[in-house]
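All remarks here apply to the structure that follows.
Please treat every number below as a calculation from the coordinates, not as lab data. Here the structure is a predicted model, which is why all the values come from computation and not from measurement. Positions of Cβ are generated from backbone atoms using ideal geometry, with glycine treated the same way; all protein chains shown enter the neighbour counts.
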Amino acid sequence: MATAVFPNAHKNYINGEWVEASTKKGIENRNPANTDDLVGIFPASSAEDVNRAVEAAKNAFDKWRLTPAPKRAEILFRAAEIMIERKEDLAVDMTREMGKVLAETRGDVQEAIDMTYLMAGEGRRLFGQTTPSELPNKFAMSVRAPIGVCGLITPWNFPIAIPSWKMMPALVCGNTVVIKPAQDTPLSTYHLVQILAEAGLPEGVANIVSGTGPDVGAPLMNHPDVKLVSFTGSTGVGRIVSLACAGTFKHCHLEMGGKNIILVMDDANIDLAVDGAIWGGFGTSGQRCTAASRVAVHKKVYKEFVDKFAARAKKLRVGDGLQPDIDMGPAINETQLQTVMKYVEIGKQEGAKIATGGNRLNKGAHAKGWFHEPTVFIDCDPKMRICQEEIFGPVVSVMPMNSLDEAIEIANGVKYGLSSSIYTRNVNDSFRAQRDLDTGIVYVNAPTIGAETHLPFGGTKQTGNGHRESGAPALDFYSEWKTIYIDYSDHLQRAQIDNATT
Ligand code: NAD
């Protein structure tokens, strides 16, 4: 069996073979905790490579769509089993290329395993409807039909989980795929494609082309033979993807930015809320689309919360995520670190107070990585840019508030709508909050992160465009409903006319 893993140089996977990019150029993938550590060199591919991959996927589609779904699912099931065997190696490689701590990269791999098992199970369901016809001697049903070649474009913060959220439902529904991983974290997606190949996925069914957004993502989403595009990334790039798909009426699924919030009411278990805000705000160094980058705290418990929260944030150990005693890793790259530093300056100029953090870490053990202190801004105004814009780093802005109404107004007063959370022991308030918070996901007495794969995942407003990833709703995006009427009356029957009541 061909392998994706050469000492350091990797190729694209097209039509069942690892092939060099037409450009013969590569992009370095370096460990963000130690930039001396070269994880690998990945192809800097071009439109020519995309064209080859799409052609392979198009050619493979007819056979794959006619492969019975339970058989497709068996391949996925085998892939999940292989992932379990390799879980630790996959997690270590992911920490090296992405920086988040091992406990979290193990979780990322587990999410891919869960998603793969879930979709393997769907292979024996893929339910449609059967329903009585309004006319006699007529049968009505709906079935799911595959769509064709799917172009999948993914971000770097969940390097194996997000590719699996897209690939597994696409494949079980009978589509073929070309995936373009984020250029900061291609290795984990390479491992996933390699595992699918080892599990028996036929050639051409899943292809990987690595490279930059403009050089690979753009030709992929504009390719006339790509019928569906699923994108996860920033709202700015999502808008470009959406416009590109509109021109050719491609099915288009967008999962984009967030500015998520935790609400802490005056009857909350404060220690539990602090635990949640630490995990939600600083897990993955705040680089989760669901990160709790805002916390609104009732004035009656504000001081207690802020004191405890800042003290805990200050104690977080920042460093190389491969080391067992580390709580928080680096930013993904220099640009992301610069963005964090820029927003810290903006926060200071806006008049927010720093309770802890605020500085880059670049001495001693931190000298070779993109590290930043966990940073807590307090006494923030909801209109400040640090409370409105996605920072995507270890920066949490805390705002005081007086009531549930005010808390919900603050929560909903941003352009994003991914995840929100409320800490309260009041059952009425918790139900009002879950009804009125305008986000795709709401947690009660738990932080804004922690999605499970069998439930719908996605956001409102500028976070999403109405589709949902994972859970059964993912099948709705990766298949087309086909409605079938079978008339066995042997004469013309006209719906709404021959059986009209008046
Ligand atoms: P990004 O938008 O910069 O890149 C995402 C992907 O798009 C990458 O593969 C990139 O190469 C590609 N791309 C960039 N320019 C392109 C172009 N012109 N045409 C086609 N493709 C292009 O995002 P990122 O920095 O990788 O990830 C961080 C962002 O992703 C954050 O905004 C975060 O909130 C969001 N995110 C959202 C979710 C969600 O489910 N809502 C999940 C994870 C991350």
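The table below gives the values:
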{"read-out": "Calculated Rg and Dmax of the chain using C-alpha coordinates, Å", "value": "24.2, 85"}
{"read-out": "Between the stretch 19-40 and the stretch 120-179, the alpha-carbon center distance in angstrom", "value": "34"}
{"read-out": "The stretch 397-455: trypsin sites (Lys or Arg not before Pro) in DSSP coil with no more than 14 other Cβ atoms inside 10 Å", "value": "K415, R425"}
{"read-out": "FRET efficiency, 1/(1 + (r/R0)^6) with R0 45 Å, evaluated for N59 and M141 via beta carbons", "value": "0.90"}
{"read-out": "Chain lengthening between L455 and L38 when straightened (0.36 nm per residue, less Cα-Cα)", "value": "146.4 nm"}
{"read-out": "Distance between the stretch 87-119 and the stretch 404-469 - C-alpha centres, whole angstrom", "value": "25"}
{"read-out": "Listed residues A352, Y117, S242: farthest to the positive end of the dipole of the chain (Cβ charges)", "value": "A352"}
{"read-out": "For T356, T212, T335, T424, order by how many other beta-carbon atoms lie within 10 Å, fewest first", "value": "T335, T212, T356, T424"}
{"read-out": "Antiparallel %, DSSP beta bridges [both residues in the stretch 309-454], to 5", "value": "40"}
{"read-out": "Inter-centroid distance (Cα atoms) of the stretch 246-294 relative to the stretch 361-386, Å", "value": "17"}
{"read-out": "Per-pair calculated FRET efficiency, R0 = 60 Å: D487 and N269 via Cβ, rounded to 0.05", "value": "0.45"}
{"read-out": "Of the chymotrypsin sites (Phe, Trp or Tyr not before Pro) in the stretch 439-493, those whose Cβ has at most 16 other Cβ within 10 Å and which sit in DSSP loop", "value": "Y488"}
{"read-out": "Eligible lysines near K299 by straight Cα distance, threshold 20 Å, same-chain separation 8 or greater", "value": "K308, K353, K383"}
{"read-out": "Placed amide H near S22: partners under 5 Å, 5+ positions off or other chain", "value": "S46, D49"}
{"read-out": "Residue exposure sequence - F305, F77 - by fewest surrounding Cβ within 10 Å", "value": "F77, F305"}
{"read-out": "Under-5 Å amide H pairs with T356, H placed in peptide plane, nonlocal only", "value": "V376"}
{"read-out": "Likely footprinting exposure, F61, F309, fewest C-beta neighbours within 10 Å first", "value": "F61, F309"}
{"read-out": "Eligible lysines near K250 by straight Cα distance, threshold 18 Å, same-chain separation 8 or greater", "value": "K58, K166, K180, K227, K482"}
{"read-out": "Value of relative contact order over the chain, rounded to a whole percent, pairs C-alpha under 8 Å and six or more apart", "value": "17"}
{"read-out": "Potential lengthening between D436 and N51 on full extension [0.36 nm per residue; Cα-Cα distance subtracted]", "value": "134.0 nm"}
{"read-out": "Mean residue ellipticity (222 nm) of the chain, computed from DSSP H runs ≥ 4 via -39,500 (n - 2.57), nearest 500", "value": "-12000 deg cm²/dmol"}
{"read-out": "Length-normalised contact order of the stretch 452-502 in % [C-alpha pairs under 8 Å, at least 6 apart]", "value": "24"}
{"read-out": "Förster radius 35 Å - calculated FRET efficiency between T131 and E20 (Cβ-Cβ, nearest 0.05)", "value": "0.10"}
{"read-out": "Within the chain, percent of DSSP bridges classed antiparallel, to nearest 5", "value": "45"}
{"read-out": "All lysines inside 19 Å of K100 as judged from Cα atoms, apart from same-chain residues fewer than 8 positions distant", "value": "K87, K314, K315, K368"}
